[in-house]
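Please read the structure below before turning to the comments.
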Amino acid sequence: MAKQETKDVQDNTPISSKDYQVLSRKIGQKLDRYLSQHQIYNKNQVALLRWDLNNAILKAAGVPARTLIKQKHFTAIAEALVNWEPSESTLEKMKAY
């Protein structure tokens with residue numbers, strides 16, 4: 001039982017500032033790859049894509065803000081980053097720019 005309690009505490013520990021920086025860097029790299037592959041340079045389109053990716057990360061973690069991400073969310077976030085593609089609504093909004 002003590003092992004389970006320890007695991008629960010570890011899982012519910014907020015990520016460290018170092019982990020937060022790594023996560024932010026990975027998110028930025030994913031966005032940069034997408035922008036490069038699709039040759040997107042319009043700042044409004046970039047902003048829409050950044051919002052979409054951040055929203056996907058928050059949904060995967062089930063939290064309203066990145067600062068609330070816990071250790072237990074890392075696997076879901078990693079999968080969301082690997083599988084992320086912009087939503088249809090974001091792609092439609094991008095056509096306006």
**Asked** Which residues, counting only those in the range 55-65, are open to solvent by less than 50 Å² (accessible area, probe 1.4 Å) and not β-branched (Val, Ile, Thr)?
**Response** Asn55, Ala56, Leu58, Ala60, Ala61, Ala65
**Message:** Just to be sure before I move on: is Lys43 open to solvent by 50 Å² or more (accessible area, probe 1.4 Å) and either touching a Cys at 6+ places or on another chain (Cβ under 6 Å) or modelled with pLDDT of 95 or more (or both) in the structure I sent?
**Reply:** yes
**Prompt:** If the Cβ limit is 6 Å and pairs must be 6+ apart or interchain, which residue in the range 38-62 that is closer than 19 Å to Glu92 by Cβ and free of Cβ contacts under 8 Å to residues at least 40 places away in the same chain pairs with which residue that is open to solvent by less than 60 Å² (accessible area, probe 1.4 Å) and polar (S, T, N, Q)?
**Reply:** Asp52/Ser87; Asp52/Thr90
**Test: residue in the range 11-29 that is among the aliphatic types (A, V, I, L, M), modelled with pLDDT under 90 and open to solvent by less than 70 Å² (accessible area, probe 1.4 Å)** = yes
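The values are calculated or read from the model by the stated rules, or taken from the named source; none is laboratory data. For clarity, every value in this text was computed on a predicted model and none was experimentally measured. Note: ideal-geometry Cβ built from the backbone for every residue, glycine included; neighbour counts use all protein chains shown. For accessibility, only protein heavy atoms count, side chains too; no ligands or nucleic acids. Shrake-Rupley method; radii C 1.70, N 1.55, O 1.52, S 1.80 Å.
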